[in-house]
Structures are given as C-alpha cells and as structure tokens.
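Below: one structure, written as structure tokens.
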Amino acid sequence: MSDDDGSAMVEFTWLAVLLVVPLVYVLLSALAVQRTAFGVTEAARQAGRAYATADDLAQAEARAREAVALALRDQGVQEPPELEVTCDGPCLAPGTTVTVRVAHEVRLPVLSLLGDAAPVVPVSATHDEVVDVFQEAP
C-alpha cells in the first residue's frame, strides 16, 4: 500500500471548504443587497404615491414615511433609511412633479460583527410622481 491511501477524502474536504464557504458568503451578501434594493425601490414608489395623493403637506410627509417603513419592513430591512422629497413647484399643486429619493446602506453579513468598521453597500432609488391634475378641491 502507498502512503497516499485515504488522503483523497481529506483533500476533497479541504477543497470543498475552501471553495464552498466563500461562495456561500458571496451569495448571502448578494442576496442581502438585492433584498434591500427591492425594498428601497418599492419604498420610493409607494412614498411618491402616498405623498402625491395626500390632502396637505403634514399628512403627505407622514404618509410617505409610513409607506417607506412598510415597504422596507416587508423586505426585512429594519434600520431607518434616508428619505428625501422634493417638488418642482408648490408641493401638492395639480401637475407638480414630486420626486422621492430613498437611500439605505446595507451592512454585509458576518462582517457586520466588526461594528462601525464593517463595509457597507449604498443602495438608493428615486421615483417621480405627478400630482393629479383632476383632484378634489379643498
């Protein structure tokens, strides 16, 4: 018998660990970023719709924030994102375009244990919503 008997199993195990562990980490990282990207995109869209259909500015702001929180919670994103709403004219005036930008930073899995030094991936989405021209007068 040679000295190599039984070493194939050990070599295969090490090779599998060295290839599979990084592959699984890359997949988990990509899925975390994609999940947040889906949430941010939907949050921007829903916030724009909620803002543009509100009766007044206070209600519009509250509805937009709630829409963002709900859309992100649906994707499992817990941390509060950055929400920015701008208008190309008087907000909520008929025909005005409301632009909503939602931004969030994704902490990569496992590396988030490093605390503030952990790498993050910025994700953002923008949505334009036109305030309906034919709306009920106050």
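Worth a mention:
- Region 87-104 - phi-based ³J(HN,Hα) in whole Hz, Karplus 6.51/-1.76/1.60, Gly and Pro as x: 10, 8, x, x, 4, 6, 6, x, x, 6, 8, 9, 10, 10, 10, 10, 10, 8
- Mean residue ellipticity (222 nm) of the chain, computed from DSSP H runs ≥ 4 via -39,500 (n - 2.57), nearest 500: -17000 deg cm²/dmol
- Given +1 at the Cβ of Lys and Arg, -1 at the Cβ of Asp and Glu and no other charges, the dipole of the chain around its Cα centre is 200 debye to the nearest 20.
- Counting only alpha carbon atoms, the long axis of helix 57-74 and the longest principal axis of the chain meet at about 20°.
- T99-Q34 pseudo-label distance in nm [points 7 Å out on the Cα-to-Cβ vector]: 3.0 nm
- Computed from the C-beta positions of A62 and V120 and an R0 of 35 Å, the FRET efficiency is 0.80 to the nearest 0.05.
- Against the main long axis of the alpha-carbon atoms of the chain, helix 7-52 sits at an angle near 0°.
- Counted over all Cα-Cα pairs of the chain, pairs farther apart than 20 Å make up 58 percent.
- Within a Gaussian network of the chain (alpha carbon springs, distance under 10 Å), most fluctuating of L111, L31, L92: L111
- GNM on the chain, alpha-carbon springs under 10 angstrom: the most fluctuating residue among L23, L83, L70 is L23.
- If you take all other residues with their beta carbon under 9 Å from the beta carbon of L72, and give Lys and Arg +1 and Asp and Glu -1, the sum is -2.
All of the numbers you see were taken from the coordinates with simple rules; none came from a lab. On a predicted model such as this, the values are computed, not experimentally measured, just so you know. Neighbour counts run over all protein chains shown; Cβ positions are idealised from the backbone, glycine included.
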